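The next block holds one structure in the form of structure tokens; read it before the comments.
Nothing in this text is a laboratory measurement; each read-out follows from the coordinates by a stated rule. It should be emphasised that the depicted structure is a prediction, and the values quoted were computed from it without experimental measurement. For neighbour counting, all protein chains shown are included, and Cβ atoms are generated from backbone atoms with ideal geometry for every residue, glycine included.
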Amino acid sequence: MKLNFAMFRIKLNKSVYIISVLYTVLLWNCKNTGHSSDLRINNDSLFNRLIIIDLDSLEEKDLVTYPVRLEYLRKIEVGGSVFEVADKWPDSVEIVKLETAQECLMGVVKRIYVVDSLLFISDSNEKLFVFDRSGKFRNTIGTLGRGNDELLSMVDFCVDALKRNVYVFDLLRKKIFKYDFQGHLLDKLRFENEVVNHTSHIYWMPDGNIVAELDYFPGSNYHYAILDRNNDYQVKNYACPYGIPSTLPVAFDHTMQSCRGDHCWMLTLLSDTIYRYADGEIVPAMVVKSNARPVTAEVLFRQNWETAFHADADLLRWGYSTGISKIWATDRFLYFTYRDMKDWYVVCWDRIACKGYKYKQYPRGNIFMPGGFIATCADAFIGAVSALDFLTPPEGVGGKERAQWKEWIKGIQEDDNPILLLYYVRK
């Protein structure tokens, strides 16, 4: 995104500025109300507040927990590299063992929503389960079959926490099935529009609209489409144009969006900007500043790449940013990954205090190290591991911590349901 603007700048601290921006030129605007590729600016949103996160000024940590007393630190060697980690890692991790029973046998966990004391979990077998926070199985939602009220496919699901409804996207029927939390079918919503065949994930917004994440495929121009609740979920407008059109079909995982309550945070390819959904639009909210040069439209149009992923290596070699790659959000914290030239960083950003810290991304040899999350809840980031992986002794852990791990694995069999790990950020 390339901006020319007049600004009034207030410095809050050395790592963040809040800017009141009057746009005079907006080359890459994350909004479009038509079906053409021309970008249009909504005059009602000329004023925006952007938070600039300066990566260089963030405090760098190599800790599993934050903050931690110095006497809890020790060094471990993982894969030939030495890391300083917190000795009290169990204090920040909660273990949830999902009940294993015939009626709730799960494949690989695909998606998790947490609402109050309930866990909604979909798996690789296109099944949707409900557990409580202790891991006890409660019920399933939807069944696959050819009956009139059955699903032919389960591409994705989302949850309306306020009205306590679950929405399941059935691509083959081109419908969204609406259920209550107990799994009772309430309605079948028509979902036939120009993007239905290219929708990989759906997100229910507080205003009742749906944000559809679109596959990165030949002929696609946009990352997201906003679907109008008042018009049978037809496309209301598109958002976040792809800077590089794809000549190959490429699939995303769902770590480019994270929704908590009234806030939904979104990324797009090769972008340093974090977007949010507000008033029926997707608008810029934060921008990461680093030593790497920001990617502009002129840079993207300079070459003919097959996909943005082919551009990634060239841009990195030329000293450009390759953008934010993954994001997760609790009610207070944003947690995202960013590559600054040669190093991958994880940034944990406190939205209330407007400050954060960074650390170099950990290798995944120890499953208890934070990262690779699947979901979030109000105050924790959530990962999932197979029972078999959970039974593998964690690297670099000894003494009391290994004894604690041995307590956790008692009674677990390698073919049990997955184990959830909840990581709590220490303020």
> How large is log10 I(q)/I(0) at q = 0.22 Å⁻¹ when the Debye formula is applied to the Cα atoms of region 296-340, each weighted equally and without solvent?
Replying inline: -0.78
> Taking Rh as the Kirkwood radius computed over C-alpha pairs, what is the Stokes-Einstein D of region 108-152 at 20 °C in a medium of viscosity 1.002 mPa s, expressed in µm² per second?
Replying inline: 191
> Could the peptides 382-390, 97-105, 407-415 be put in order, highest first, of the mean number of other beta-carbon atoms found within 10 Å of their residues?
Replying inline: 382-390, 97-105, 407-415
> Whole-Å semi-axes of region 143-294's equivalent ellipsoid, largest first, each the root of 5 times a Cα gyration tensor eigenvalue?
Replying inline: 28, 18, 13
> In cubic angstrom, how much convex hull volume per residue do the alpha carbon atoms of region 257-348 span?
Replying inline: 101
>> Given all pairs of different Cα atoms, what value in angstroms does the Kirkwood hydrodynamic radius of region 114-210 take?
In response: 13.7
> When the Kirkwood hydrodynamic radius is evaluated over all pairs of different C-alpha atoms of region 237-295, what value in angstrom, to one decimal, is obtained?
Replying inline: 13.1
> In whole angstrom, how far apart do the alpha carbon centroids of region 336-358 and region 212-241 sit?
Replying inline: 29
> Taking R0 as 30 Å, what's the FRET efficiency between Arg293 and Lys360 from their Cβ-Cβ distance, rounded to 0.05?
Replying inline: 0.90
> Packing-wise, with mean Cβ within 10 Å as the measure, how do 322-333, 180-191 rank, highest first?
Replying inline: 322-333, 180-191
>> Can you work out the Karplus-derived ³J(HN,Hα) for every residue in region 49-56? Use 6.51 cos²θ - 1.76 cosθ + 1.60 with θ = phi - 60°, whole Hz, and x for glycine or proline.
In response: 10, 10, 9, 9, 9, 8, 4, 5
> In the structure displayed, which of Lys110/Lys326; Lys136/Lys175; Lys326/Lys360; Lys97/Lys358; Lys127/Lys175 lie more than 21 Å apart, Cα to Cα?
Replying inline: Lys136/Lys175; Lys97/Lys358
> What Kirkwood radius, in Å to one decimal, follows from the Cα pairs of region 175-264?
Replying inline: 14.2
